[in-house]
1. Counting each DSSP H run of 4 or more residues in the chain as -39500 (n - 2.57), what helix-only mean residue ellipticity at 222 nm follows after dividing by all residues, to the nearest 500 deg cm²/dmol?
2. Provide the FRET efficiency to the nearest 0.05 for the Leu72-Ala20 pair, computing r from the beta carbons and using R0 = 35 Å.
3. Counting only other residues whose beta carbon sits under 11 Å from that of Asp17, what net charge do I get with K and R as +1, D and E as -1?
4. Measure out, as a whole number of angstrom, how far apart the alpha-carbon centroids of region 87-113 and region 26-82 sit.
5. Go through region 24-36 residue by residue and turn each phi into a ³J(HN,Hα) via Karplus (6.51, -1.76, 1.60, θ = phi - 60°); whole Hz please, and just put x for glycine and proline.
6. With +1 on the Cβ of every Lys and Arg and -1 on the Cβ of every Asp and Glu, and nothing else charged, how large is the dipole of region 68-167 about its Cα centre, in debye rounded to the nearest 20?
7. Ignoring ligands, DNA and RNA, what percent of the accessible area of the chain is carbon or sulfur (1.4 Å)?
8. Among Leu134, Leu79, Leu150, which one shows the biggest mean-square fluctuation in a GNM of the chain, springs joining Cα atoms closer than 10 Å?
Amino acid sequence: MLRGERAITVSSDLAADRPAVLAHIATLEGVNQELAPLLAMTAPPSFRGRSLFEAPIGEPLFRSWLLLGGALPVDFDHLAFESIDPESGFVELSVMLTMSPWRHERRVTSRNPSGSHLVDRLCFTPRLPGTGWLLAAIVKRVFQHRHARLRALFGSDARREEPPHDARHDSAGAPRTAS
């Protein structure tokens, strides 16, 4: 980790299969649906309706303004991708007004035939010293909001691989005894 770098991870289990989630996350329309009503990202008309998975690797795609409430410019993202895998997600490595570098890894894996697991890993270095705590709080809240919107859109898959917790047993599985 670089000096001053911040790292945040947010994940969700979704009640939709991996291809459906990947189709949603691959468009700026899907991204803006997640961000609304907090933020919106702009895109040039030539990119609207296109898949992010079609973007070139390692070169800036375009400058996207982040609009607070969909109206007030508060930051920009000089969008670029380090890697793209249409079967699992992407790694964005961009320059922003407030952060450089900004690295966003977004991966989707299958949990079962009708469920998936989405993970966002974010690493960034604030440009202004002393703002890391504030930017980390904002980034964490924005991605928690995005995941809440995804769970509302696709449903939450709360099913787990392990059996449900039995209150009659302790965390190691041993029977509880009265004290």
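The values are calculated or read from the model by the stated rules, or taken from the named source; none is laboratory data. As the structure is a computational prediction, the values presented were derived from the model and not from experiment. With ideal geometry, Cβ positions are generated from the backbone for all residues, glycine too; neighbour counts draw on all protein chains shown. Areas reflect the complete protein model, heavy atoms only, side chains present, ligands, DNA and RNA absent. Shrake-Rupley method; radii C 1.70, N 1.55, O 1.52, S 1.80 Å.
1. -7000 deg cm²/dmol
2. 0.60
3. +1
4. 13 Å
5. Working through the residues one at a time gives 5, 6, 7, 10, 5, 4, x, 4, 5, 5, 5, 6, 4 Hz.
6. Dipole size: approximately 320 debye.
7. Carbon plus sulfur share of accessible area: 59 percent.
8. Leu134
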